[in-house]
Structure formats: C-alpha cells, structure tokens
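Dumping the structure here so I can ask a few things about it.
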Amino acid sequence: MAIGRIGQALTAREIFNLIGEDLRQVENEIALESVASVDTITSIARYLQASGGKRLRPALLLLSARLLGGGGKSAIRLGAVVEIIHCATLVHDDVIDEASTRRGRVSTNAQWGNHTSVLAGDWLYMQAFQIALRERNFRILDILISLTQMMVEGELIQFERLGRADVSEADYMDLVDRKTAALFSTCARLGALVAGADPSLEAKLGDYAWNLGMAFQLIDDVLDFTAREQVLGKPVGNDLREGKVTLPLIYALEQATPAEQDMVATILRERSYAAAPFADVRRMIERHGGFERAKLRAEQYTEKARTLIGEFPESPYQRALYAVTELVTERDH
C-alpha cells in the first residue's frame with residue numbers, strides 16, 4: 001500500500017515516540033547487562049552507553065516487531081543485543097583506525113589503550129551472544145553468528161584495501177553490505193522472527209532494512225567530506241586520512257586528472273593532508289560530481305526500501321518505517 005505525504009512527514013521524535021517505552025527498556029537492559037566482574041570493562045561499557053548514538057538499530061528491530069504484531073521481552077532483549085554488537089564493532093573499528101574521537105568524545109582506545117579496548121570489544125560480543133542465548137532459539141543464534149562473521153570479514157577486507165586507490169564501486173558495495181547493511185537487515189529480521197512472522201515477511205523486512213543500511217552508509221561517506229566537524233562528532237575527511245576510499249571519491253577518480261589522482265595517492269600514502277589540503281580534495285570531488293552521484297545512488301536504495309515497506313498494511317509502525325528512509329537520506333550526521 002502506498003503512503004501519502006502524511007506518512008513521510010513523520011519526524012524523528014514521532015517515530016521514536018512510538019517505541020519510546022520499549023527503547024527505555026532496551027537502555028535499562030543494556031545497563032544491567034554491561035556490568036562485568038572486571039571494573040574496567042564495566043567502565044568502558046557505561047562510557048559507550050553514555051555516548052548516546054541514534055539507537056537506530058534497536059529501533060528498527062522494535063518497529064519491525066510491532067509492525068507484525070509482536071514485541072515484548074524478546075524484542076527488548078534482542079534490541080539490547082544488536083546495540084551491544086554495534087558498540088563492539090565501533091570499539092574494534094576505532095582501534096584498527098587509530099581513531100581519537102567517537103561521537104564528539106574521546107574514543108575508548110584513546111582513553112583506555114588498544115589492548116584493553118580490544119578485550120572490552122571481545123567481551124561485549126560474547127555478552128551479546130549470552131543474552132541472545134536466553135531466547136533458546138537456534139534460528140536467532142544462526143542469524144547473529146552469520147552476521148558477526150560477515151562483519152569481521154568486512155573489517156579484514158577493508159584492512160587489506162587500506163591505502164589503495166584502485167577500489168571499484170563493486171568492491172565498495174560489497175564492503176558496505178558486510179559492515180553496515182547486514183546489521184540493519186538482521187535487526188529487521190529478528191524483529192519479524194520474535195513476532196512469529198511468516199518467513200516470506202521476515203525476508204521482505206530484511207530486504208527493506210538492507211537497502212536502508214546501504215543508503216545509510218553511502219550518506220555517511222558523503223558526510224565524512226561535507227559535514228561540519230562539530231555536527232559530525234569526529235574529524236571530517238577522516239576516511240581518506242585513514243586510507244579508505246569511499247564512493248564519492250571512487251566516482252570522482254573516474255574523471256580525475258593525473259594531477260588529482262596523484263594528490264589522492266599522496267594522501268593515501270602519507271595518511272595526512274599536509275601535502276594535499278582536505279579542501280582541495282573536497283573541491284575535486286564536488287567538481288567531478290562525486291557527491292551528487294553518491295547521493296543519487298543512496299536514493300536508489302531508499303526508493304527500493306520505500307517500495308518494500310509500502311507493500312505492508314498501513315499502520316503507525318509501517319508509516320514510521322517508511323519515514324525512517326527520509327531520516328537516513330536527509331540527516332546531517
């Protein structure tokens with residue numbers, strides 16, 4: 001069923017208010033489950049929770065469950081699971097990237113060191129699986145194990161490509177699938193699963209969220225070049241400085257002059273904008289249409305997501321899931 005402009009006009013507050021009590025219970029669950037026998041791990045877990053974040057992944061799970069008539073304790077529990085897994089990936093990513101900030105605060109590795117942060121991330125992964133195990137559902141564990149393997153493989157693939165300018169669009173899309181879209185899809189599928197939905201509905205919701213996740217990451221990569229640092233919560237231009245070539249730059253390099261290609265190669269080699277200013281790179285990408293092409297590609301994914309969610313019966317939760325696509329493509333951080 002198609003949705004009119006009223007559905008699209010839902011604000012972030014209205015969307016999250018639909019599941020506000022559920023999200024509060026997810027936060028309580030995370031707080032309770034983040035207490036370890038080692039004080040340092042508890043401190044890191046609480047630091048991560050206090051850092052905030054959009055809570056988009058548990059919200060997707062909760063909205064998906066509500067859409068199909070489910071919810072309750074299982075959805076709350078799994079909402080905590082996916083957020084804890086997400087936090088674990090951020091901890092490990094920051095260690096690998098040698099990041100100094102995350103969400104406008106000092107990163108865990110900068111504050112506690114790499115060794116402690118890696119072990120804390122490992123603990124968070126295992127704690128998430130321990131919580132999920134209480135559902136006594138092998139299907140849930142199968143989905144989560146497959147997800148975790150994909151994300152780890154994605155991190156390894158990204159690490160192998162660091163510093164390389166010859167990353168293709170197909171290479172990039174495969175990485176986004178593994179590192180971002182797979183988790184989005186898992187959230188929706190778990191929501192459908194705990195609601196007792198038919199496998200075909202679970203698959204359709206998973207496909208919706210996968211497309212949403214692809215769009216989310218593409219917009220993220222545009223914002224890494226175009227957002228203001230105070231809004232983004234981390235240094236702009238960080239991906240390229242860390243040796244990562246993302247879609248806006250991939251598109252721009254297709255049209256770049258030899259001098260522009262050399263400029264990018266220098267940044268990738270030196271991991272610094274000292275010899276080639278960030279502003280020059282940004283202008284180069286804009287000149288060759290990299291940002292616009294990446295945004296158009298993101299819009300293709302959001303359109304697919306809208307089509308899929310539009311096939312579900314209209315309800316407040318369906319309208320919310322439709323409106324989430326607008327939030328993803330129009331956000332500034």
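All but one of (1) farther than 24 Å from M150 by Cα; (2) part of a helix (DSSP H, G or I); (3) without any contact (Cβ under 8 Å) to a residue 60 or more places away in the chain hold for A276, so report the exception by its number.
The one condition A276 does not meet is (2).
Can you tell which of A294, A305, A265 is closer than 17 Å to D166 by Cβ, at pLDDT 95 or above, among the small types (G, A, S) and assigned to a helix (DSSP H, G or I)? Quick ask: steps written out before the conclusion?
Values: A294 fails: closer than 17 Å to D166 by Cβ; A305 fails: closer than 17 Å to D166 by Cβ.
Testing whether each residue is closer than 17 Å to D166 by Cβ, at pLDDT 95 or above, among the small types (G, A, S) and assigned to a helix (DSSP H, G or I) leaves just A265.
Okay, next question. Restricting to the stretch 15-35, and then to whatever is touching a residue at least 40 places away in the same chain (Cβ under 8 Å) and charged (D, E, K, R), can you tell me which residue is surrounded by the fewest Cβ atoms within 10 Å (Cβ to Cβ)? Steps first, answer last, please.
Going residue by residue through the stretch 15-35, those that are touching a residue at least 40 places away in the same chain (Cβ under 8 Å) are 15-16, 18-19, 22-23, 25-26, 29-30, 33-34.
From what's left, charged (D, E, K, R): 22, 29, 33.
Values: D22: 22, E29: 21, E33: 18.
Once the filter is applied, the top-ranked residue is E33.
Mind listing whichever residues of the stretch 131-177 are polar (S, T, N, Q), part of a helix (DSSP H, G or I) and free of Cβ contacts under 8 Å to residues at least 60 places away in the same chain? First the steps, then the outcome.
As a first pass, look at the stretch 131-177 and keep what is polar (S, T, N, Q): 137, 146, 148-149, 158, 168.
Remaining after also requiring part of a helix (DSSP H, G or I): 146, 148-149, 158.
Across the stretch 131-177, the qualifying residues are S146, Q149.
I would also like to ask the following. For the stretch 10-67, give me the residue count where each residue is farther than 20 Å from S107 by Cα and either in contact with a Pro (Cβ under 8 Å, 6 or more places away or on another chain) or of a type in the set (K, R) (or both).
Matching residues across the stretch 10-67 total 7.
Out of curiosity, is V222 in a helix (DSSP H, G or I), touching a Pro at 6+ places or on another chain (Cβ under 6 Å) and not acidic (D, E)?
Working: in a helix (DSSP H, G or I): yes; touching a Pro at 6+ places or on another chain (Cβ under 6 Å): yes; not acidic (D, E): yes.
Spelling it out, V222 is indeed in a helix (DSSP H, G or I), touching a Pro at 6+ places or on another chain (Cβ under 6 Å) and not acidic (D, E).
Could I ask something else about it? Are any residues in the stretch 22-44 over 19 Å from A75 (Cβ atoms), of a type in the set (A, V, I, L, M) and touching a helix residue (DSSP H, G or I) at 6+ places or on another chain (Cβ under 7 Å), and if so, which ones?
V35, A36, I41, I44
Can I ask one more? For the stretch 162-188, which positions are buried (at least 22 other Cβ atoms within 10 Å of the Cβ) and over 18 Å from Y301 (Cα atoms)?
none
The values are calculated or read from the model by the stated rules, or taken from the named source; none is laboratory data. Keep in mind the model is a prediction, meaning the values are calculated, not measured. Cβ coordinates were reconstructed from backbone atoms using ideal geometry, including for glycine residues, and neighbour counts include every protein chain displayed.
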